[in-house]
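The values are calculated or read from the model by the stated rules, or taken from the named source; none is laboratory data. What you are looking at is a predicted structure, and each value in this text was computed from that prediction instead of being measured. Neighbour counts are summed over all protein chains in view; Cβ atoms, including those assigned to glycine, are modelled from backbone coordinates with ideal geometry. Side chains are part of the model used for accessible areas, which takes the heavy atoms of the whole protein and leaves out ligands, DNA and RNA. Shrake-Rupley method; radii C 1.70, N 1.55, O 1.52, S 1.80 Å.
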Amino acid sequence: MIGAVDIGGTKIAVGIVDDHGHVLSQTQAPTDPHNYAAGLNLIGQMLRETASTAGAKLSGIGIGSTGPVDPIKGEFGDVDFLPGWRGKNLVNDLAQMFNVRVALENDGDAAALAEAGWGAGRNRSRLIYVTVGTGIGGGMVFDGKLYRGVDGAHPEVGHQVIDPSGPACSCGFHGCWESLAAGPAMVAWFENHAAADNPHRAGITGQRICELAQQGDELALKAVEHEAYYLGLGLANLINLFTPDAIVLSGSVMKSAPLFLDRIREVIRSGCRFVPVEKTQLTLASLGENTNLIGAARVWHYRFSN
């Protein structure tokens, strides 16, 4: 039984996951981005509560966290959302608290491991996981191994430049994939193209745009087409670079995947002429709302179960 900890910028989710990837109990609470000590104590309390609810004794703890982390040292890096957690070592602290082995990965890598081991990417040698929501992130699992860059760095797929004349991105470039195709980019496009008297303009969200598109709203359909086009460009780049067996799509935008997939596939086919694009399966994540918790548990299995 693995204690799973999913750390986001606004909430921390904790659960108990068995060795088949089933969540037996879970809870969540708001994240205090400035007070690491309080966060550590909260995580400890939540782990004890969920273990008690599941009637489980912890075999280990796996952590998936937003932002840059050092999976080897177990430390948080320069995480914008968690300024008070920078440089803290949650792996060592939880290991001392519970006397078990603990592993940490970026949450995109954790979810990639989950889909590769227990989800839509099973039996796939080369898997790329992409989540499209407030931002764009993901992870890569090749031949059963999580891809790491120099110093164990996590590849930032959302910051490939698609259009250098595009909007500014927090990474320092203009026109990154994230700035053009994440959920807020679709909202910004709608707001910029909606007439001042458009009844849907005020307070529009990505979810509402998708609902309007399903109802046949002309501007919403154009926003969806624009979104799908840029999603397709970024995915085509990944296919041309890595020629994976499968790309698994997740995130809040992909909850409305039927609106986007046909156009995405059309864009990919138009720009991947020199690789066997027909052998790359484009599929949706299969682990549902618990992907991040399951991914956190999978981090422990990936590091220690062999």
For this session: Sort through Q45, Q26 and tell me the only one that's open to solvent by 40 Å² or more (accessible area, probe 1.4 Å), part of a strand (DSSP E or B) and out of contact with any Cys (no Cβ under 9 Å at 6 or more places or on another chain).
Result: Q26
For this session: Determine which member of the set L82, L90, L42 is closer than 17 Å to F304 by Cβ and aliphatic (A, V, I, L, M).
Result: L90
Exercise. Out of A196, A213, A188, A181, which single residue is at pLDDT 95 or above, out of contact with any helix residue (DSSP H, G or I) (no Cβ under 7 Å at 6 or more places or on another chain) and hydrophobic (A, V, I, L, M, F, W, C)?
Worked result: A188
Exercise. Just checking, how many residues over segment 24-48 are touching a strand residue (DSSP E or B) at 6+ places or on another chain (Cβ under 7 Å) and either aromatic (F, W, Y) or over 30 Å from D78 (Cα atoms) (or both)?
Worked result: 2
For this session: Only residues that are open to solvent by 60 Å² or more (accessible area, probe 1.4 Å) and either under 15 Å from A111 (Cβ atoms) or outside any helix (DSSP H, G or I) (or both): list them for segment 121-159, please.
Result: R122, N123, R124, R126, T134, D143, K145, Y147, R148, E156
For this session: Would you point out the residue of segment 185-197, among those that are assigned to a loop (DSSP other than H, G, I, E, B) and closer than 26 Å to D163 by Cα, that is most open to solvent (accessible area, probe 1.4 Å)?
Result: A195
For this session: Determine the pairs where a residue that is modelled with pLDDT under 95, located within segment 237-251, has a partner that is in a helix (DSSP H, G or I) and among the aliphatic types (A, V, I, L, M) with Cβ atoms under 9 Å apart, the partner being 6 or more residues away or on another chain.
Result: S250/A111
Exercise. Restricting attention to segment 236-265, which residues are touching a Phe, Trp or Tyr at 6+ places or on another chain (Cβ under 9 Å) and under 23 Å from S179 (Cβ atoms)?
Worked result: N237, N240, F242, I247, V248, L249, S250, V253, M254, R263, I264
Exercise. Counting residues that are in contact with a strand residue (DSSP E or B) (Cβ under 9 Å, 6 or more places away or on another chain) and surrounded by 14 or more Cβ atoms within 10 Å (Cβ to Cβ), which helices (runs of 4 or more DSSP H) fully inside segment 198-285 reach at least 2?
Worked result: 218-242, 261-271
Exercise. Is it the case that G44 is at pLDDT 95 or above and farther than 26 Å from A285 by Cβ?
Worked result: yes
For this session: Would you tally the residues in segment 244-291 being aliphatic (A, V, I, L, M) and under 21 Å from K222 (Cβ atoms)?
Result: 8
